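Written below as structure tokens is the structure these notes are about.
The values are calculated or read from the model by the stated rules, or taken from the named source; none is laboratory data. Owing to the predicted nature of the structure, the values given are computational and were not obtained by experimental measurement. Glycine also receives a Cβ, built like all others from the backbone with ideal geometry; neighbour counts cover every protein chain displayed. Side chains included, ligands, DNA and RNA excluded: accessible areas come from the protein's heavy atoms. Shrake-Rupley method; radii C 1.70, N 1.55, O 1.52, S 1.80 Å.
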Amino acid sequence: MERMSVEVPDSAELLRLQPTVRYDSTDDRFRGGSRHLSAVLPAVSSAIGHPMPTPLHPDPDRTRDELGLPDASSAIVVLIDGLGFWNLAMRRGHARYLRSLMGDSANAHPIATCYPSTTVAAMSTFGTGTCPGLTAMTGYTQLNPETGQICQLIQFKEAMEPERLQTQPTIFERLTAEQVRVTSSGLPKFASSPLTRAAFRGADYIPNVHPKDRVMAACAAARTPGLTYLYIRDADKTGHNYGWNSDKWIGAFERIDAQLNMLRRNAPRGTLIVIVADHGMIATDPAQRIDIAAEPDLARGVAAVGGEPRAVMLYAAPGEDPESITRRWRDRLGERALVRTRDQAIADGVYGPVADRVRPMLGDVLVSAADRVTIVDSRIQSDKATRLPSVHGSQTSVEMDIPFLIDVA
Ligand SMILES: [Zn+2]
């Protein structure tokens, strides 16, 4: 294996908005195309001998080649919530196993997550091998066109039933239908959570309270050919509560590294291990917090606010022209955010192909925060939610770049 060290760009570069990642990119020097979270399960399905084409990845064998995945009868895919490629690279001194993996040249470059870089959108993109424009999961909150209300897609508050909102078949259910073993190892409370039903339905779910038991359950499942999924949430949770740059986060990160090392040591010989994340995290700056409630120019003409502090969706009031809202927001925010109408964003390929039924769920105006800016609405969000020390959702490198680490036990 060729060794290589990862160079971390300076923080101004990492916090700059990046060009929109294209799902249809064929240039593998850039993120997009196969170098995307949506490609991971199609590629793994090919590696285990049951290729599952999707509308965005019609040739899983090629996708697997482009991602450099070896064949294996059994694969374990680990998704670490919130552990972006640069978050990992900047703290790799605390993670011996991950550091050694990253030192392999095949693992030394990020792939991209979807936009918005947030769990609900990324989980469904990953689970179906498609994109938010098809999964209808386009943000932490979004409009429910059936009720006219904003719904929240972690617990599906005010939302449609998960199976009715997210209608793309999951890779798990498609593999299961072909008699392939699919096992998901996770916390008991997520066994039949709405997000699991939307993004990961079809797996045999093994619930365990303790992290070590979840690791060992994944290793035991991997003795039978097929696919095993292990979800690790603590980097995201600790990041939101204490900041990804806190000592508490480092403690969580060290424990995650220990769990992964344990997985590697106990997985049956020859098991393919793939480690990814759903998004990275930026540390917020209280001085860069913008409250829509305190800004008449920003609130004007906006009937509802969805999304999240780094990826805001504005729903225009009846009769209001989205272009006027866009102009006012651009004037007010300048370099601090990228402001696009829905039509511009869709034309840019932000969400991948967008189904007709998904269009009205998206805001009329979409705002992506740059640098360490957060855009909150104290009329509808709790004070705590508007002041989280670390968040994600926008299209900076820190948020969009995710690890894609390959190991073989
Ligand atoms: Zn999060």
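Among 225-236, 329-340, 274-285, 297-308, sorting by the average number of other beta carbon atoms lying within 10 angstrom of each residue, highest first, gives 274-285, 225-236, 297-308, 329-340.
Our note on the geometry: Cα centres of region 87-129 and region 202-263, 14 Å apart. Given region 126-214, what whole percent of its Cα pairs are spread farther than 19 Å? Pairs farther apart than 19 Å: 44 percent. Computed on protein heavy atoms with a 1.4 Å probe, the accessible areas place 7, 178 in the order 7, 178, largest first. Taking 19 Å as the straight-line reach from the Cα of residue 212, the lysines in range (excluding those fewer than 8 positions away in the same chain) are 189, 237. Solvent-accessible area of residue 384, all protein chains in place: 130 Å² (probe radius 1.4 Å, heavy atoms, ligands and nucleic acids excluded).
Computed over the chain with a Gaussian network model linking Cα atoms closer than 10 Å, the most mobile of 317, 43, 122 is 317. Amide H contacts for residue 230 (H built 1.01 Å from N in the peptide plane; partners 5 or more residues away or on another chain; cut-off under 5 Å): 77, 78, 79, 185. Taking a straight line from the alpha carbon of residue 157, these aspartates and glutamates sit under 14 Å away, with near neighbours fewer than eight places off in the same chain left out: 146. Pairs of Cα atoms nearer than 8 Å and 6+ residues apart set the relative contact order; for the chain it is 25 percent.
In plain terms, if you count all Cα to Cα distances in region 1-118 and split them into 5 Å steps from zero, the share in each step is 2, 10, 18, 22, 22, 16, 7, 2, 0 percent. Counting protein heavy atoms only, region 209-315 has 48 percent of its accessible area on carbon and sulfur, 1.4 angstrom probe. For region 1-54, taking the reciprocal of the average inverse distance between every pair of different Cα atoms yields a Kirkwood hydrodynamic radius of 13.7 Å. Near residue 17, the amide H atoms lying under 5 Å from its own belong to 371; only residues 5 or more places off or on other chains count, and H is placed 1.01 Å from N. How big is the C-alpha Rg of the chain next to the rule-of-thumb value 2.2 N^0.38 Å, as a ratio? Rg over 2.2 N^0.38 Å, computed on Cα atoms: 0.93.
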